Amino acid sequence: MRQKLWEASPFSAEVKRAPSRLPFWSCARLIRERMNRGSGLRIGKILGIPIYLHSTWVFIFAAITWIIASQYKRDHPNWTDIQHYAVGVLTSLLFFASVLFHELSHSVVAQHYKIRVVSITLFLFGGLARIEREPSKAIQEFNIAIAGPLASGLLSAGFFGLAVLFPYSQSVGALAKWLCWTNLSLAVFNLLPGFPLDGGRIFRAMVWGTTGNFEKATRVAGASGKLIAYAMILGGVWQVVHGNTQMLWTILIGWFILNAAQESVAQVAIRQALAGLSAADVMSKEVPTVPGHITLEEYSAEVLRTGRRCHLVVNADRLIGMMNVHTLNSVPRNEWAHNSVQAAMIPREKILWTSPEEPLLRLLERILTADVNQMPVVSGAGDGAPQIVGIVTRDSILRVMQTRSELGPLAASR
Ligand SMILES: [Zn+2]
């Protein structure tokens, strides 16, 4: 059933695009995407990319400053306390600038391939540059991934040069030495060939380029990521048991890598389950409507009677918005009798749409990012007037995923 609702007012068929849930470049000391986009404090914009400081950054900044200052105290007992901390803070700041530089180099290469970089966030385990989509070719992934460790290596060489240039300044020497070593370890650690480290992405790009199979490459790189993570956790536990408590950090990083590696493999499974499907395959073609003037009380009765949780709101055959149980529940119950659906609904301009052709994977990402339960499907083809042809719900996508993973071999032969 096709519904022509927009004849009265020409509707621009522009589909509102929510930012999709993005793949991410996880770096430095890693890595798991649990932060909302742009979470934290925005400190500025470089190359058009907003830079954020996550709240965990404060702790790590304080901890690193303290560790560096303590080291300077041991190595340079002749310095004043102020000097220990002043050089400590400066070293810390330059360390974070180094992490930012590492992320920016991934970003510059990504931008070179016309992949938008959404944001860079500095947080507990280092930096995180988010790109809008996965690279479409293995060589692009390779180049984006290798840019980070190369940048850290370059910085390491730069600080080495600084130490050589100023042999008589103890503070510059100490600072340069620390940053030279730290950037070098950053480069080396990130080159470990396990997903989601840069080295794991390089590894994946090589397997992908050789086999032409992105899913297989991700599984291989994910498996080696898990191996590295287990090695770090076991090695860390061994060291901690033998009194080296500094290795607690290694266990923590190993644990993060393990999670991220598992997640990346799970994402491939989802990608496979949804491959080749588009919104039209899972949409429900019946789109129930309600008039805008009815009260929320009446709307709840309609929901209870039909079991449908989402309705388009119409006014004299014109679409004016969308109403669902979630929106209903956001109004206190005692106000239901006095409020109309029109007053509470999601107005037309704020509805997120999809088209029948949108790939299901991308649609699912948008639905999750926007945190909505359903999206109307709009077709602009045919006579040119956009029409609502159906509705896709989160549940319908999850059902397809479940069925397809149960029928794995069958679905694959499709
Ligand atoms: Zn990196």
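Listed values, structure above:
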quantity: Student exercise, region 35-134 dipole from Lys, Arg, Asp, Glu Cβ charges, in Debye to nearest 20; calculated: 340
quantity: Charge dipole (debye, nearest 20) of the chain; +1 at Cβ of Lys and Arg, -1 at Cβ of Asp and Glu; calculated: 460
quantity: Region 237-346 - convex hull of alpha carbons, volume per residue in Å³; calculated: 201
quantity: 14 Å Cα-Cα reach of LYS177 towards aspartates and glutamates, excluding residues that sit fewer than 8 places from it in its own chain; calculated: ASP75
quantity: Region 222-278: mean projected area of Cα convex hull, nm²; calculated: 3.9
quantity: Stretchable slack from GLN246 to ASN334, in nm (0.36 nm times residue separation minus alpha-carbon distance); calculated: 26.0 nm
quantity: Computed [θ] at 222 nm, helices only, for the chain once each DSSP H run of length n ≥ 4 contributes -39500 (n - 2.57); calculated: -18000 deg cm²/dmol
quantity: Taking region 150-203 and dividing mean pair separation by its residue count, relative contact order in percent (alpha carbons under 8 Å, at least six apart); calculated: 31
quantity: Förster-model FRET efficiency, 35 Å R0, SER136 and SER70, C-beta, rounded to 0.05; calculated: 0.15
quantity: ³J(HN,Hα) computed for each position of region 218-223 - Karplus, 6.51 cos²θ - 1.76 cosθ + 1.60, integer Hz, glycine/proline x; calculated: 5, 4, 5, 5, x, 5
quantity: Degrees, to the nearest 10: 81-112 long Cα axis against longest axis of the chain; calculated: 50
quantity: Helix 56-75 axis, angle to the chain major axis (alpha carbon atoms, nearest 10°); calculated: 0
quantity: Helix axis angle, 394-406 relative to the chain longest principal axis, alpha carbon, degrees; calculated: 70
quantity: Overall form of the chain per C-alpha gyration tensor (a/c, 1.5; a/b vs b/c); calculated: prolate
quantity: Shape call, region 175-320: gyration tensor on alpha carbons, a/c limit 1.5; calculated: prolate
quantity: Relative contact order [Cα under 8 Å, 6+ residues apart], the chain, whole percent; calculated: 18
quantity: Computed lengthening from ILE294 to SER55, 0.36 nm per intervening residue step minus Cα-Cα distance; calculated: 81.5 nm
quantity: Gain upon complete extension [ALA266, LYS216; 0.36 nm per residue less C-alpha separation]; calculated: 16.8 nm
quantity: Selection from PRO347, TRP57, THR369 lying farthest towards where the dipole of the chain points positive, charges on Cβ; calculated: TRP57
quantity: Relative contact order of region 286-328, defined on C-alpha pairs under 8 angstrom at six or more residues apart (%); calculated: 40
quantity: Given charges at beta-carbon only (K, R positive; D, E negative), |dipole| of region 151-303 in Debye; calculated: 960
quantity: Listed residues LEU191, LEU90, PRO356: farthest to the positive end of the dipole of the chain (Cβ charges); calculated: LEU191
quantity: Listed peptides 74-85, 181-192 by packing density, highest first (mean Cβ within 10 Å); calculated: 181-192, 74-85
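No value in this document is a laboratory result; all are computed from the given coordinates. Values in this document were obtained by computation on a predicted structure and should not be read as measured data. In this analysis, Cβ positions are derived from the backbone assuming ideal geometry, glycine residues included, and neighbour counts consider all displayed protein chains.
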